[in-house]
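Below is one structure, written out as structure tokens, with a few remarks after it.
The values are calculated or read from the model by the stated rules, or taken from the named source; none is laboratory data. Because the structure is predicted, anything quoted here is derived from the model rather than measured. Neighbour counts are summed over all protein chains in view; Cβ atoms, including those assigned to glycine, are modelled from backbone coordinates with ideal geometry.
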Amino acid sequence: MSNAYLDALKKRRTQYSLGRNLSASKEQLATLIQDAIKHSPSSFNSQSSRAVILFGAESVKLWDLAIEAVRKVAPAEGFDKTEAKLKSFAAGVGTVLFFEDQDVVRSLQEKFALYADNFPVWSEQAGGMAQLSVWTALANADVGASLQHYNPLIDDVVASEWKIPASWKLRAQMPFGSNENGFGDKGFMDDAERFRVVG
């Protein structure tokens, strides 16, 4: 059976070769990203996901700050490869910073004490769904992206540079831009190892 959502999901791939050759405007991309997050599910409709969308020089600044943060903890030998990878993220059009608002989590824990231990987990699940929604929406618009996790290493510098509320916990970074390279074949493990269909 044909399914437009699955067709879009299959287009979502990791793209490390990013460029700035996009026809979509900054405003169009920002709206796309915001809509993808807005319509992603969350437990109790908590809407705990937050995002900061960096374009142009602001996105480059993020990856420059990340290079310096990683340089402090990474071995000097071979750091040139790490630096080149981080610079490749800056070569795109922008970066989405994904956060989860811990004030929302705490509020739900207080309001629904029976489920208190679950709300941090459900928040992470909501964040993951928001990330996938954005990634898939970008891919469906022929925008390349990858998902990165330089948190908590860059948390403080990000919070300081972009005046992030204290309750926002950085969870992931998604550099995006034009696809400057193709994609190889994606391998899958055998379905029998992953799935059981019962009934």
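Taking residues in segment 152-166 that are closer than 12 Å to Leu62 by Cα, and partners anywhere that are of a type in the set (Val, Ile, Thr) and crowded, with 16+ Cβ neighbours inside 10 Å, the pairs with Cβ atoms closer than 7 Å and at least 6 places apart or on different chains are Val158/Ile164; Trp162/Val52. Residues that are touching a residue at least 12 places away in the same chain (Cβ under 8 Å) and either of a type in the set (D, E, K, R) or within 22 Å of Ala159 (Cα to Cα) (or both) within segment 107-133 comprise Pro120, Ser123, Glu124, Ala126, Gly127, Ala130, Gln131, listed in sequence order. Residues in segment 140-199 that are of a type outside the set (D, E, K, R), surrounded by 13 or more Cβ atoms within 10 Å (Cβ to Cβ) and in a loop (DSSP other than H, G, I, E, B): Ala141, Val143, Ser146, Leu147, Tyr150, Asn151, Leu153, Ile154, Trp162, Ile164, Ser167. Would segment 9-16 turn up any residue that is out of contact with any strand residue (DSSP E or B) (no Cβ under 7 Å at 6 or more places or on another chain), over 16 Å from Met174 (Cα atoms), of a type in the set (A, V, I, L, M, F, W, C) and in a helix (DSSP H, G or I)? Within segment 9-16, one or more residues are out of contact with any strand residue (DSSP E or B) (no Cβ under 7 Å at 6 or more places or on another chain), over 16 Å from Met174 (Cα atoms), of a type in the set (A, V, I, L, M, F, W, C) and in a helix (DSSP H, G or I).
Residues of segment 61-85 that are without any contact (Cβ under 8 Å) to a residue 12 or more places away in the chain, among the small types (Gly, Ala, Ser) and either under 23 Å from Pro165 (Cβ atoms) or surrounded by fewer than 11 Cβ atoms within 10 Å (Cβ to Cβ) (or both): Ala76, Gly78, Ala84. Would you call Gly144 within 14 Å of Ser48 (Cα to Cα), touching a strand residue (DSSP E or B) at 6+ places or on another chain (Cβ under 7 Å) and not charged (D, E, K, R)? It is false that Gly144 is within 14 Å of Ser48 (Cα to Cα), touching a strand residue (DSSP E or B) at 6+ places or on another chain (Cβ under 7 Å) and not charged (D, E, K, R). Beta carbons closer than 6 Å, at least 6 apart along the sequence or on distinct chains, pair a first residue in segment 48-60 that is of a type in the set (S, T, N, Q) with a second that is part of a strand (DSSP E or B) and at pLDDT 95 or above for Ser48/Glu100; Ser48/Asp101; Ser59/Gly94; Ser59/Thr95. Which of the residues spanning segment 1-25 are of a type outside the set (Ser, Thr, Tyr) and over 30 Å from Lys81 (Cα atoms)? Hits for segment 1-25 are Met1, Asn3, Ala4, Leu6, Asp7, Ala8, Leu9, Ala24.
Would you be able to tell me the number of residues in segment 140-199 that are over 21 Å from the mean Cα position of the chain (by Cα) and not aliphatic (A, V, I, L, M)? Residues in segment 140-199 being over 21 Å from the mean Cα position of the chain (by Cα) and not aliphatic (A, V, I, L, M): 11 in total. For segment 90-127, a residue qualifies if it is touching a Leu at 6+ places or on another chain (Cβ under 8 Å) and of a type in the set (Ser, Thr, Tyr), and the qualifying residues are Thr95, Tyr115. Checked against the criterion of being over 17 Å from Tyr16 (Cα atoms), in contact with a Lys or Arg (Cβ under 8 Å, 6 or more places away or on another chain) and hydrophobic (A, V, I, L, M, F, W, C), the candidates Phe44, Phe79 yield just one match: Phe79. Quick one: in segment 86-114, which of the residues that are within 28 Å of Ser40 (Cα to Cα) and hydroxyl-bearing (Ser, Thr, Tyr) is surrounded by the most Cβ atoms within 10 Å (Cβ to Cβ)? Among residues in segment 86-114 that are within 28 Å of Ser40 (Cα to Cα) and hydroxyl-bearing (Ser, Thr, Tyr), the one surrounded by the most Cβ atoms within 10 Å (Cβ to Cβ) is Thr95. Being assigned to a strand (DSSP E or B) and among the aliphatic types (A, V, I, L, M), is that true of even one residue in segment 54-64? Yes, because at least one residue in segment 54-64 is assigned to a strand (DSSP E or B) and among the aliphatic types (A, V, I, L, M).
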